[in-house]
Amino acid sequence: MLKSKTFLKKTRAGGVMKIVREHYLRDDIGCGAPGCAACGRAHEGPALEPQPQDPASSLCPQPHYLLPDTNVLLHQIDVLEDPAIRNVIVLQTVLQEVRNRSAPVYKRIRDVTNNQEKHFYTFTNEHHRETYVEQEQGENANDRNDRAIRVAAKWYNEHLKKMSADNHLQVIFITNDRKNKEKAVEEGIPAFTCEEYVKSLTANPELVDRLACLSEEVNEIESGKIIFSEHLPLSKLQQGIKSGTYLQGTFRASRENYLEATVWIHGDNEENKEIILQGLKHLNRAVHEDIVAVELLPKSQWVAPSSVVLQDEGQNEEDVEKEEERERMLKTAVSEKMLKPTGRVVGIIKRNWRPYCGMLSKSDIKESRRHLFTPADKRIPRIRIETRQASTLEGRRIIVAIDGWPRNSRYPNGHFVRNLGDVGEKETETEVLLLEHDVPHQPFSQAVLSFLPKMPWSITEKDMKNREDLRHLCICSVDPPGCTDIDDALHCRELENGNLEVGVHIADVSHFIRPGNALDQESARRGTTVYLCEKRIDMVPELLSSNLCSLKCDVDRLAFSCIWEMNHNAEILKTKFTKSVINSKASLTYAEAQLRIDSANMNDDITTSLRGLNKLAKILKKRRIEKGALTLSSPEVRFHMDSETHDPIDLQTKELRETNSMVEEFMLLANISVAKKIHEEFSEHAVLRKHPAPPPSNYEILVKAARSRNLEIKTDTAKSLAESLDRAESPTFPYLNTLLRILATRCMMQAVYFCSGMDNDFHHYGLASPIYTHFTSPIRRYADVIVHRLLAVAVGADCTYPELTDKHKLADICKNLNFRHKMAQYAQRASVAFHTQLFFKSKGIVSEEAYILFVRKNAIVVLIPKYGLEGTVFFEEKDKPNPRLIYDDEIPSLKIEDTVFHVFDKVKVKIMLDSSNLQHQKIRMSLVEPQIPGISIPTDTSNTDLNGPEKKKIKLGK
């Protein structure tokens, strides 16, 4: 049966166009209940159970299916995902609405419907002759959808009665909309709210914890005292943004100070890109990453970013006066030029809440069901949840979701989602850091794996089409020890004309990952391989990453080769790109390659090739540095693991050899050559990588720190920065130059991927290159896969596809890649931090030399070169008299009693693991030298009587 709708539409040119929409209605759509004679075998795929064996409900004891409305699906997805809830009918009307309103919830619902054990059935009610409803005159879309859901629920109940005379199966309508529920009951449909139904499942009391509390009345706490101003409605916010009264931006909470945040304003032409917010009332219930509307305060109320470190440790709801006292502490006298545009949040445009990992802070009130949850991410406020399992969940890592934040509540309300495991356990903590950094880490699905080549795999004649056979060349790879995903290999040989041929050969991943299939989509979603301390989360399945794509030695592998003809002065005479087949003659570590280069009695082909490469790399590096490329520094650490327990037994900073630099130079050269080529061919669609020059203000801290040592750092160009860093030497303090380079790294902007048609600034500041891309690591970076596809089309080795020449789609891919790369970086740092804690847990208390990197108002941030470890030494402690502190931002310096600390001063600190806060176990640093009475800790603490809290910490440290 065909329904058609006709309407007239005005075109841009001013004409009128007649639109006819056809809507097909069918009789052969199954109800999903097996054994239903009326439907026959109309439904295929996951279906409902014939006799649901679900937990008994005190409200409806007979067997039943559930039919939730849109809001239940959107807000109570955590309940629906619970194994106790099965046999659910998901209507097409509901699914479409969810899809329009929340992509993450839609994906979760699709995953649940695909899980056969859950027996969720999607019913296409909009195309079923008996359940389709048309919008009536004067009825809005929302009311029409509510009616369509009720019609489907009623049809189901009548339809199931036809199955057999003694059939007592019911369909229960679940809605939190009071009016909709009343109408359903009037129409004879059994209907309950989600809360009523969940509370009726007496065998599953823990399910109540997963309920999202939604009604604002419930959200209003008894205290009733209004703390926050009301959020303006969206219509007013949009008007205000249009007129310029308000500004729209992303809310970024501070990790160091819970009473401070910044809002990054959207749009390119805003002069105030960043607005500061200070104080609870001005933050006005915004949560990290929300899209908010802010109002700029008059200049007389502008503030400077505070240098105070403040953690929210209050247990008490009513401590708002205390908050106000802390807020006053933030406002100190500062010079006019330190003041930044300051504002307040007037409304929320879009909430970007996600499930948060953390721990329960159990209430002191006996038998209380209300507890505070402390997220692992310090930028997220604490969340109040109701749970009956508080004693079970204590000392566990759990996941909690936010439901709402009423005006009279100090904290948002939320609900328990799931238990991850015991705090401190390696598996639990790894899971937490992957979830917190949104790293996709679930095993590859069957759909993805189905696109892998069948084993045993070998190179066929078809594969050789458009490829050069380079198996005769003496190619080798140089990588870190234990590397199994080998992306790149190199060769160098002398040509008959006296010039040199140098080749960079990169794994041909794009041969195996074809555009648009499930494997490609999953790789694009993951964006990058994430390397944790003892775990690797692959971007592509292991069969590719460690086997078929990995350029292991003595096996034939497909590659994409970039081959140059160079003279002995490393000047490029010719460049050729070709798909190839190679056979690597050796897989070496950096150390092994270095030994070969340095060994006088080794002169085989591989060693000769390495020496040639090394010689050219030194020339290339020198030339790059002359152009103004930066050589920065960051302390990288390497753990030595116990082979049985896999706990770290030693911690060292990574040693860099000449061969590291050798490989790096040729990778950079290949990336630049490829960037030029793809931009020549695809001026609008090249995926490139740029590194913006930092704004001058970023360098203030570096310039001031150098000036305090009578050194001048120039920052007008990358070249002048590089040269002044080279000159900044101190014969009496050799480590000073490394410290300056570490500090310079902190001033840099993030390098990002972009599409050439969407930007006109291509420059890479750090490499001093006018154009750059990523081509050399396609096993672990999806950007390189796209670049391979572009290059393959450019050299006629592969065909194009629509998305490859759609700059908007490419820009979206770049946006995701930039996010994934940033998150991978943070996850890696978190993994290093966790393993560092494990190391000091077994090591006990140690004292080491350190250098000051930053001075704050009440603390110093130090770097310990031996461990590449950074930490904060606080000078204000709870339950202790505060010392006399004088902070000078200009020098910068911090005077404590009579001792003055400057950046780069050498100090001695004691390091131990502080486990007093299980959630945030942290490396605690205390000052040993210079000795300041009442502040410094004696070096030998074994038999020193430390007062109160300090004694406790020592015990915990062991």
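The values are calculated or read from the model by the stated rules, or taken from the named source; none is laboratory data. Computed from a predicted structure; not experimentally measured. Glycine also receives a Cβ, built like all others from the backbone with ideal geometry; neighbour counts cover every protein chain displayed. For accessibility, only protein heavy atoms count, side chains too; no ligands or nucleic acids. Shrake-Rupley method; radii C 1.70, N 1.55, O 1.52, S 1.80 Å.
Once both labels are positioned 7 Å from their Cα atoms along Cα-to-Cβ, the gap between residue 338 and residue 100 label points is 5.2 nm. If R0 equals 56 Å, the separation of the Cβ atoms of residue 815 and residue 161 corresponds to a calculated FRET efficiency of about 0.60. Residues 155, 264, sorted by accessible area with the largest first, give 264, 155 [1.4 Å probe; ligands and nucleic acids excluded].
Computed extension gain for residue 225 through residue 493, at 0.36 nm per residue and net of the alpha carbon distance, reaches 88.5 nm.
From the C-alpha coordinates alone, can you work out the Kirkwood hydrodynamic radius of the stretch 683-780, in Å? Display every interim value, and only then the final one.
Working: mean 1/r = 0.0663 Å⁻¹.
Over the stretch 683-780, the inverse of the mean reciprocal pair distance is 15.1 Å.
Less than 5 angstrom separates the built amide H of residue 288 from those of 253, all sequence-distant by 5 or more or on a different chain. Between residue 890 and residue 874, the modelled label-to-label distance comes to 3.1 nm, taking each label 7 Å out from Cα in the direction of the beta carbon. With Cα atoms defining each centre, the stretch 379-441 and the stretch 51-72 are spaced 28 Å apart in the structure.
Here the gap between residue 565 and residue 438, fully extended at 0.36 nm per residue and compared with their Cα-Cα distance, gives a gain of 41.3 nm. Relative to the compact-globule estimate of 2.2 N^0.38 Å, the Cα radius of gyration of the stretch 355-423 comes out at 1.01.
Using the structure shown, select from 273/815; 340/910; 618/906; 618/866; 236/807 the pairs with a Cα to Cα distance greater than 26 angstrom.
On the way: 273/815 19 Å; 340/910 37 Å; 618/906 34 Å; 618/866 29 Å; 236/807 34 Å.
The answer is 340/910; 618/906; 618/866; 236/807.
Summing Cβ point charges (Lys, Arg +1; Asp, Glu -1) relative to the Cα centre of the chain gives a dipole of roughly 1360 debye. With respect to the cross-link table entries 225/281; 299/350; 690/719; 704/922; 615/714, which display a Cα-Cα separation exceeding 23 Å? Where the Cα-Cα span goes over 23 Å, the pairs concerned are 299/350; 704/922; 615/714.
Rolling a 1.4 angstrom probe over the protein heavy atoms, how many square angstrom per residue are accessible across the stretch 488-539? Could the numbers behind the result be given before it?
Working: 1750 Å² over 52 residues.
So the stretch 488-539 comes to 34 Å² accessible per residue, rounded to a whole number.
Ordering 758, 667 by how much accessible area each has at a 1.4 Å probe, largest first, what is the list? Don't jump to the answer; show the numbers that get you there.
Working: 758 90, 667 20 Å².
Ranked list, largest accessible area first: 758, 667.
How many Å³ per residue does the convex hull of the Cα positions in the stretch 696-747 occupy?
Working: hull volume 3.2 nm³, N = 52.
Dividing the Cα hull volume of the stretch 696-747 by its residues yields 62 Å³.
Site pair residue 518 and residue 124 shows an inter-label distance of 2.1 nm when each label is modelled 7 Å from Cα along Cα→Cβ. Taking each residue as 0.36 nm, the span from residue 179 to residue 459 lengthens on full extension beyond its C-alpha to C-alpha distance by 94.2 nm.
Hey, with R₀ at 56 Å, roughly what FRET efficiency would residue 931 and residue 760 work out to, going by the Cβ-Cβ distance, to 0.05? Each step should come with its number before you reach the end.
On the way: r = 58 Å, r/R0 = 1.03.
Approximately 0.45, to the nearest 0.05.
Ordering 729-742, 900-913, 669-682, 193-206 by mean Cβ neighbour count within 10 Å, with the highest value first, yields 669-682, 900-913, 193-206, 729-742. For a paramagnetic label modelled at 7 Å from the Cα of residue 826 toward its Cβ, which residues of the stretch 272-305 fall within the zone defined by backbone nitrogen distances under 16 Å? Inside the label zone: 287-291.
Averaging the sequence gap over all C-alpha pairs within less than 8 Å and six or more residues apart, then dividing by the number of residues, gives the chain a relative contact order of 7 percent.
With semi-axes defined as the square roots of five times the eigenvalues of the C-alpha gyration tensor, the equivalent ellipsoid of the stretch 134-209 measures 25, 20, 8 Å, largest first.
Taking only protein heavy atoms and a 1.4 Å probe, the accessible area of the chain is 50% carbon and sulfur. Taking only the C-alpha atoms of the stretch 30-210, Rg followed by Dmax gives 15.3, 46 Å.
When only the Cβ of Lys, Arg, Asp and Glu is charged (+1, +1, -1, -1), the dipole of the stretch 789-843 relative to its Cα centre reaches about 500 debye. Per residue, the accessible area of the stretch 59-179 comes to 46 Å² when a 1.4 Å probe rolls over the protein heavy atoms. Using the Cβ-Cβ distance between residue 245 and residue 700 with R0 = 25 Å, the FRET efficiency computed as 1/(1 + (r/R0)^6) comes to roughly 0.20.
Need one word for the stretch 844-929: rounded, prolate or oblate. Basis is the Cα gyration tensor (sqrt eigenvalues a ≥ b ≥ c); a/c below 1.5 gives rounded, then a/b vs b/c decides. Verdict is oblate for the stretch 844-929.
Per-residue 3J(HN,Hα) values for the stretch 499-510, derived from phi via the Karplus relation 6.51 cos²θ - 1.76 cosθ + 1.60 with θ = phi - 60°, read 7, 10, 10, 10, x, 10, 10, 10, 3, 8, 5, 5 Hz in sequence order (x marks Gly and Pro). Couplings for the stretch 75-84, taken from phi via the Karplus curve 6.51 cos²θ - 1.76 cosθ + 1.60 with θ = phi - 60°, read 9, 10, 4, 5, 5, 5, 6, 5, x, 5 Hz in order; Gly and Pro are left as x.
Relative contact order for the stretch 696-747: what percent, with Cα pairs under 8 Å and sequence separation of 6 or more? Kindly include the intermediate steps, with their values, before the conclusion.
Details: 38 pairs, mean separation 17.6, N = 52.
Answer for the stretch 696-747 is 34 percent.
If packing is taken as the average count of other Cβ atoms within 10 Å, what order do 225-233, 274-282 fall into, highest mean first?
Working: 225-233: 14.8, 274-282: 21.7.
Peptide ranking by packing, descending: 274-282, 225-233.
Using heavy-atom solvent-accessible surface (probe 1.4 Å) with all chains present, what is the largest-first order of 177, 726, 27? Display every interim value, and only then the final one.
Details: 177 60, 726 80, 27 105 Å².
Most to least solvent-accessible, the answer reads 27, 726, 177.
Computed per residue of the chain from DSSP H runs no shorter than four, each worth -39500 (n - 2.57), the mean residue ellipticity at 222 nm is -8500 deg cm²/dmol. Reported to the nearest whole Å, the Cα centre-to-centre distance from the stretch 809-838 to the stretch 148-204 is 46.
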